[in-house]
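Quick one: structure below, then a few questions.
The values are calculated or read from the model by the stated rules, or taken from the named source; none is laboratory data. Please read all numbers here as calculations on a predicted model, not as lab measurements. Cβ placement follows ideal geometry from the backbone for every residue including glycine, while neighbour counts extend to all protein chains displayed. SASA here: full protein model, heavy atoms, side chains in, ligands and nucleic acids out. Shrake-Rupley method; radii C 1.70, N 1.55, O 1.52, S 1.80 Å.
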Amino acid sequence: MAEKPRPLVAGNWKMNGLTADLAEIAVIRDALAGALGGPDIIICPPATLIAAAAQLCAGSFIAIGGQDCHPERRGAYTGDIAAEMLRDAGASYVIVGHSERRRDHGESDVLVSAKAEAALRAGLKVILCVGETEAERAAGHAPDVVARQLEGSLPSAPHGDSLVVAYEPVWAIGTGVTPTPNDVAEMHGFLRQRLAARLPESSDVRLLYGGSVKADNAAELLHLPAVDGALIGGASLKAAEFLAIAATYR
Ligand code: PGA
């Protein structure tokens, strides 16, 4: 059996955060300084803060990520950001296929796959999100939906450690409702099998759970054998809460 990969705790700030909020990142950085053996930490602030956040975290354990990228390197795409630009600003990861992008911007699996491909081209690691809606789960289609999203959204030949997959049931995002630990374990086991069938180095792919992770439910959700970490939205905005979640791995 392959060794379990190092856990990863990632914060997705979404469309939150002004310059003053960089102070939260500084608190996280200082709290983790010299802390060996903990999880890998990634913070994905809005694009406007990436360069400053990367500067703040230079030489620390914290990596900075973007929340989306365009498939092309450059061009007439008003308002979009190329993966190369994120990299240039100091990011080393990017989230693609978040359900808010799929829902609000109509992103298809084909587009998400092209974005993941662009991220790898630019030297970024990819956090690929998949997850079913409440109706899809109620109809018993959750495994089919996430399998279809996973297979349709993967870049063509990712190295295991350049890919992170986040299972985020849409109905758990920002709602305070989470699946049971059993449901998470089942879906992660299923995703792990699908990854193994598809990728040679799939044991290096970290499988995160995301959706209403908080300090008080982190221990029961993140210590499941098939879970390698968390993607955290709301609870990542305040350093104390984010650090408390990360501390479940100490
Ligand atoms: P949440 O968001 O933790 O606020 O539920 C998770 C996410 O969307 O990544």
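Look through GLY152, GLY189, GLY174 and report the one residue that is surrounded by fewer than 22 Cβ atoms within 10 Å (Cβ to Cβ) and outside any helix (DSSP H, G or I). Outline the logic, then answer.
On the way: GLY152 fails: outside any helix (DSSP H, G or I); GLY189 fails: outside any helix (DSSP H, G or I).
On inspection, the qualifying residue turns out to be GLY174.
Just to verify a result, which residue in the range 198-207, among those that are under 15 Å from the mean Cα position of the chain (by Cα) and of a type in the set (A, V, I, L, M), is farthest from the ligand (Cβ to nearest atom)?
VAL205
Would you confirm, using the coordinates I've provided, whether ALA235 is over 16 Å from VAL130 (Cα atoms), within 15 Å of the ligand (Cβ to nearest atom) and modelled with pLDDT of 95 or more? Give the derivation first.
Working: over 16 Å from VAL130 (Cα atoms): yes; within 15 Å of the ligand (Cβ to nearest atom): yes; modelled with pLDDT of 95 or more: yes.
Answer is yes for this residue.
Next question. Among the residues of the range 129-178, what is the count of those that are within 12 Å of the ligand (Cβ to nearest atom) and free of Cβ contacts under 8 Å to residues at least 60 places away in the same chain?
Of the residues in the range 129-178, 8 are within 12 Å of the ligand (Cβ to nearest atom) and free of Cβ contacts under 8 Å to residues at least 60 places away in the same chain.
Yes/no per residue for (1) assigned to a loop (DSSP other than H, G, I, E, B); (2) surrounded by 18 or more Cβ atoms within 10 Å (Cβ to Cβ); (3) within 15 Å of the ligand (Cβ to nearest atom):
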residue: TYR209; (1), (2), (3): no, yes, yes
residue: VAL213; (1), (2), (3): yes, yes, yes
residue: ALA218; (1), (2), (3): no, yes, yes
residue: LEU224; (1), (2), (3): yes, no, no
residue: ALA230; (1), (2), (3): no, yes, yes
residue: GLU241; (1), (2), (3): no, yes, yes
residue: ILE245; (1), (2), (3): no, yes, yes
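Results for (1) part of a helix (DSSP H, G or I); (2) among the basic types (Lys, Arg); (3) within 14 Å of the ligand (Cβ to nearest atom); (4) open to solvent by less than 30 Å² (accessible area, probe 1.4 Å), shown as yes or no for each residue.
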{"residue": "ALA76", "(1), (2), (3), (4)": "no, no, no, no"}
{"residue": "ASP80", "(1), (2), (3), (4)": "no, no, no, no"}
{"residue": "GLU84", "(1), (2), (3), (4)": "yes, no, no, no"}
{"residue": "ARG87", "(1), (2), (3), (4)": "yes, yes, no, no"}
{"residue": "ALA91", "(1), (2), (3), (4)": "no, no, no, yes"}
{"residue": "ILE95", "(1), (2), (3), (4)": "no, no, yes, yes"}
{"residue": "ARG102", "(1), (2), (3), (4)": "yes, yes, yes, no"}
{"residue": "VAL110", "(1), (2), (3), (4)": "yes, no, no, no"}
{"residue": "SER113", "(1), (2), (3), (4)": "yes, no, no, yes"}
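While we're here: Which members of the range 115-144 meet the condition of being in a helix (DSSP H, G or I), open to solvent by 10 Å² or more (accessible area, probe 1.4 Å) and either of a type in the set (Phe, Trp, Tyr) or more than 21 Å from GLY65 (Cβ to Cβ) (or both)?
Across the range 115-144, the qualifying residues are GLU134, ALA135, GLU136, ARG137, ALA138, PRO143, ASP144.
Taking the range 16-52, which residues are of a type outside the set (Ser, Thr, Tyr), under 21 Å from LYS115 (Cβ atoms) and not in a loop (DSSP other than H, G, I, E, B)? Walk me through it before giving the result.
Here is the first cut: in the range 16-52, the residues of a type outside the set (Ser, Thr, Tyr) are 16-18, 20-47, 49-52.
Applying the additional criterion that residues be under 21 Å from LYS115 (Cβ atoms) yields 42-47, 49-51.
Of everything in the range 16-52, those that are of a type outside the set (Ser, Thr, Tyr), under 21 Å from LYS115 (Cβ atoms) and not in a loop (DSSP other than H, G, I, E, B) turn out to be ILE42, ILE43, CYS44, ALA47, LEU49, ILE50, ALA51.
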